[in-house]
1. In whole angstrom, and with the biggest value first, how far do the Cα coordinates of the range C:125-259 range along each principal axis?
2. If exposed trypsin sites (Lys or Arg not before Pro) are those in a DSSP loop with at most 13 other Cβ within 10 Å, what is the longest stretch of chain C that has none?
3. If you count the DSSP beta bridges with both ends in chain C, what percent of them are antiparallel, to the nearest 5?
4. To the nearest whole number, what is the average tally of beta carbon atoms from other chains within 10 Å of the beta carbons of peptide A:126-132?
5. Among C:Ala149, C:Ala140, C:Ala166, which one shows the biggest mean-square fluctuation in a GNM of chain C, springs joining Cα atoms closer than 10 Å?
6. When Cβ neighbours within 10 Å are restricted to other protein chains, what is their mean count per residue of peptide A:324-336?
7. Kindly identify the range B:61-128 as rounded, prolate or oblate by the Cα gyration tensor criterion: order the square roots of the eigenvalues as a ≥ b ≥ c, call it rounded if a/c is under 1.5, otherwise compare a/b with b/c, prolate if a/b is larger, else oblate.
8. Could you check which residue among C:Gly230, C:Gly167, C:Gly211 shows the biggest mean-square fluctuation in a GNM of chain C with a 10 Å Cα cutoff?
Amino acid sequence: MELIGILSPMSIMLCFLGVLIGIIFGSIPGMTATMAIAIFLPITYALDMIDSIGLLIGLYVGGISGGLVPAILLNIPGTPSSLCTTFDGYPMTQNGQGEKALKVGITASVIGGLLSLTILYFFAPLLASVAIDFSSVEKFLIIIFALTIIASISKGSLLVGMFSGILGVFISLIGTFADNNEMRLIPPGLEDQLVYGFSLLPVLIGLFAIGQMLIEAEEGMKPATHQNIELNKGEKSKFKFRVFKNQIVNLCRSSVLGTFIGILPGVGGSAASITAYSQAKSFSKKPGNFGKGEPEGLIASESANNGLTGGALIPLLSLGIPGDSTTAILIGAFLLQGIEVGPLFIPTNPDLWSGIIFALILANIVMFALMFFSIRYFAKIVYIPKYIIFPIIIVMCAVGSYAINNGVMFDVWTLLLFGLAGYIFMKIGIQIPPFLIGFILGAQCEKYFIDSLKGSGGDLTIFFTNGPVAIGLWVLIIAALAYAIFDNLRSKKNETREAA
Amino acid sequence: MEDLLTVELTFSEYHIIFPRIIITILLILGAMIVFRYFYKRVKQGSSKKREFSFFMANYDKSKLFGSAILLFLYPFMMELLGFLISTILFMFVITLLFIGKVQKKALFTSLTNALATTFVVWYVFGQVFDITLP
Amino acid sequence: MKNIAWMTFIVMTVLLLSACGSKSASGGDSENSIDQSRVRVVIGSSSTGGDTYQNAEAVSRYLEDGLGTNMKVDAIGAVKAFDELSTAKDDGSTVMFFHDMAYLGVEYGSFKEENKLENWTIGPVVAINPGNAFLTSGDAPYDTLAESAEWLNENPEETITVAIQAGGVSEIVFDGYYLWAKEEFGTGVSDRINVYVTGSQEDKNQALWDGNADIIHGSIGSNSEYTKKGVEDKIKMKFLGVTASERVEGYDIPTMAEQGITVNGKEFTFDKEFFFLMPKEVDEEFATKLDQAVQEVVDMENYQEDLQKNAYITNYIPAKESTDYLLEKREEVNQIIEEAPDLDKIAQ
């Protein structure tokens, strides 16, 4: 009843619409939740605050969730945060479990989203206050911790995987360092185009979508094996909620991890699903199945990236600091209405605050309903002949790349360049997922490294002496690395045994 | 020891501290990979030469190079002819190339795919959502 | 297959027709109507939460009617915006909206020399953000900028670190503070003023909370929430002074000039102003119409109220006078930049 009182029918409708459009944006490679919100931002001016909140929250939740569709069905992450979804989602499709994978992903998403908004509702001010205590030192260590996943997802040679990851970091450094406006590492002649470096989205979809298209073209665009098999192969491939029975711990851990990383301002959203995936693998009873179509990995990735939604809103609403790039645009919506978001926002705007919570609940439920029951039709995408779907994907990617920075042709070139690079990488053995993770986290890693040193006057011991949290993070980093090396050796041993 | 643990920080050189560290790590890892490669070869004896060919056997030359060339022509076309015309042309040719044969049905499919996608994208993104198109 | 194809054709045609319909329905009847159906306003900031976007968005929204066109604000960042402007057609289909950083960036070396004011047609000045300010943590032993330098003078063991962004408005106002402290109290005090160079407002706030900075550059719009009663001590801030020439209505924050801060014997003030830039050879008719339309918008009460919401005020300077005005402002700023400290020496 209260729901109706606070959210007008108009805002409920707009929320519905927002989720739908968000899902579409999220599921088109090259379009993101951030972009959807940026597009609708000017429109919200004409709406009431509560209505525009409904619309924008809907877009946010829908956009983050939609990314799983192409990640699972086409091996192309629709948004950066669904990168880890491809690791196990696409193999499931190849095994004939496409529909099951989608349903697992959607269910994990909605649970992640609802858990995180519960955390938002009950603990927002408290957690925001904790988040402020995370200085650049701890943020740097968290990024390093997220980077350790490079070691655990390296296929085959650990050394080559790490090389790929560091290469990604290196490429991400090309451009201008923000603090002193100095350019570095830019090939001569490209100063104008690369002044801000390569944009993430064109790199991401270039490596995945265009690279893959070139590989397919080389093979002659033959129908893939999974195009001939059913989406629901046999009893084992049916989706049942029972899949989640043994996954409660994984679900909670991943959602909470996603929420927490969302809370930390400046630590990007992609880090959430990356850390959650790597934790799920470390704690799993069958880490060997990860990367081959293990629902556990899919659950971790999806619940974490929806967990992010509630998390990123925590510092925004209780401090006025956006937790990720999407909420940074959301703050613009408040400002357009002349509402200041800051530490007193929740106590001074109780109606708006409960409106946001209700909009989040509604958006999550609508997202689940819309996707879960329409997924059967979505899933049919895999049956579309490649000669039709690939040209469409390319055009979408080109439009998305062009639009991501509001109309820059160089981003289309970036898309093509990294498409070619992705093709070459696959040929010479450079591993794309580690490369991308390095690329996504590289710039933040540098920022917090330099910020820490600015604080300490260049003293490197600051990373060890900055208090118990830093020490705890070091323990986690070392444990993760040791585990990855151990795991790598073990799987190598298994392979040789099988070969013998 | 203290020198080792302290980084010289100068404002105008903030931007090269981290890249230097990363390049060093890259070079070390690269050297290790090369070393391991030759070490393995020596261990296995040089008789067994590893075969490496960049392209797969019997690869589809026309589709691979055709699509690569088309991809790189596409942005040029957009700058010259605008989004609508270049996208229709691009979609038409690349769909036809991927089908791989020029028949009435193939032509029809390509044309439909080209026109439909282009107009939907142009209408939905360019007009309804007001995204700046190329 | 064929059915689907036909269906697509039909849907497409309907969409196309309705799109054309909606196009022709727009278009104004005002005397200032221009030919372009679409004007792209590129801005010098890549954020949609900042004051540049808010001002650009507000003025464009009202200009649309006056000019009888659609205006779209694209937040692509300064370097790319200049780039777009230099390759833009001369018909006014692309214009730029930015603030003083447009020339400060060139003077400080952050932007290329080709982007200097002389290479553009300067449009009208539209608005001011008068809330450009310095802040410190709530429990700091000083309440104004002037007091902070006095405090340094009285406590020779102490230092003050100021968080700013290089190459923009925050650097020039910091330079003013620094040069005044040096003039007033000598190098004994100014040598103990350091800077913590960082990017966004969030980074500056965090620097204050981490204890890496003692004073930060900020604004009423983005920081006043932290200064209110009831905010936790840990994040509480207080204003030390605004840089504009006049106080902001409704806020009890003294200007730097009121505090007696002078540079080279003149009161130090800096108004952050927003203006249009157009290609050098822009169509004169378009430029005139834009100027007239801006003049009309600035007089509208609704527009003024919209700006008021975020504590901005209108400040119309016609295109005819704006060029001289900004060139003169740049001249004054240049004197300060010449004397300004090298960031290499004062950054940690």
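1. Its Cα atoms span 38, 37, 27 Å along the three principal axes.
2. Here the longest segment lacking exposed loop sites spans C:90-228.
3. Roughly 60 percent of the beta bridges in chain C run antiparallel, per DSSP.
4. 2
5. Highest fluctuation among the options: C:Ala140.
6. Mean inter-chain Cβ contacts per residue within 10 Å come to 4.
7. oblate
8. Comparing C:Gly230, C:Gly167, C:Gly211 in the GNM, the peak value goes to C:Gly230.
FYI, it's all coordinate maths here, none of it is from the lab. Note that this is a predicted model, so its numbers are computed, not measured. Please note: Cβ atoms are built from the backbone with ideal geometry, for glycine as well, and neighbour counts cover all protein chains shown.
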